[in-house]
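Before anything else, here's the structure in question.
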Amino acid sequence: MEWVGDARLAAGPEATWYLETAFTPGGQLGTVEGDPTTPVVVTGIEEMCTMRVPSGRLVVDAPWHDDEAWMYERGLPTAPPRELAARIPPGTYPVEIAWTAGPYEFFGEHFDGVRCAATRLRISDDPVSAWEMGLGVDDDIDRLQPGEKLAFASDANVGCFADAGAWAALSAPFRTYVDGVPVPHVSEELPDWCERVSDASQQADLVTFTAESGGVVWLGRTRTGDVAVIVVSSGSLGAKA
């Protein structure tokens, strides 16, 4: 039976185009700002790492929020992370970056304009039939206003994918501050200043990625409704529903 989604969450034509083009090498994602003659081109897809999600429950949020640091330091409860309502099969999945390049000149200096256009967690290779915003477990779809976007916020332009069942352990290293500055912690360095934190006892991971001010989480669903891919675009690109 073919899956039918909720129209209130469905991606519009612009977001659908962006999400499909961002992971197509050679695709063009507009032009360089202020220079309509120079295209921004998808140069490749890079697998940063794999991550383990043993619970089948996924958090897509900032790994920390500045306004909660003092609560954590005093042992007070902080707000729960933004966990997706959609479930995925427990397993290990690749985290991939879509890279673009749009060369530009600034004050006489030339730059290659390489940047991350989007980051995705690839659950399967099945074709995506439709895109929709990822509803959080605490989101009330009946309160969603026309044109409103379901997104997470990020004070430091960093987002993450993380196993929800191991969230307390995985996010703890990011929640230790001295004078408002995160204390260095043990993690695996990845491309684009990203990192992976692992919890050996629960065999679970957290992987950070670029997320300018946060982002909209998009679910790519198959014809039968299974989640094939979870994407967060970098900055406001692709965010229009």
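Largest first, please: the extent of the C-alpha atoms of the chain along each principal axis, to the nearest Å.
55, 54, 34
Related question: Report, please, the projected area of region 115-161 averaged over directions, based on the convex hull of its C-alpha atoms, in nm².
If you wrap the Cα atoms of region 115-161 in a convex hull and average its projections, you get 5.5 nm².
Which translational diffusion coefficient, to the nearest whole µm²/s, is obtained for region 89-206 from the Stokes-Einstein equation, given a Kirkwood hydrodynamic radius over C-alpha pairs, 37 °C and 0.692 mPa s?
184 µm²/s
Hey, another quick one. Among 188-201, 90-103, 153-166, 28-41, how do they line up by average Cβ neighbours within 10 Å per residue, starting with the highest?
Order by mean packing, descending: 153-166, 90-103, 188-201, 28-41.
Could you work out the equivalent-ellipsoid semi-axes for region 1-56, taking the square root of 5 times each eigenvalue of the Cα gyration tensor, largest first, in whole Å?
29, 21, 10
Please compute the net charge surrounding residue 103, taking Lys and Arg as +1 and Asp and Glu as -1 over other residues with Cβ under 14 Å from its Cβ.
-4
Taking θ as phi - 60°, what are the ³J(HN,Hα) couplings along region 116-121 by the Karplus curve (6.51, -1.76, 1.60), each to the nearest whole Hz, with x for Gly and Pro?
Working through the residues one at a time gives 8, 8, 6, 10, 9, 9 Hz.
Another one. If we count every other residue with Cβ under 12 angstrom of residue 204's Cβ, Lys/Arg +1 and Asp/Glu -1, where does the sum land?
Charge balance in the 12 Å sphere: 0.
Around residue 2, under 11 Å between beta carbons, what's the net of Lys plus Arg minus Asp minus Glu among the other residues?
Here the charged neighbours net out to +2.
A short reminder: the numbers here are calculations on the coordinates, not readings from a lab. All of these numbers come straight from a predicted model, not from anything done at the bench. Neighbour counts run over all protein chains shown; Cβ positions are idealised from the backbone, glycine included.
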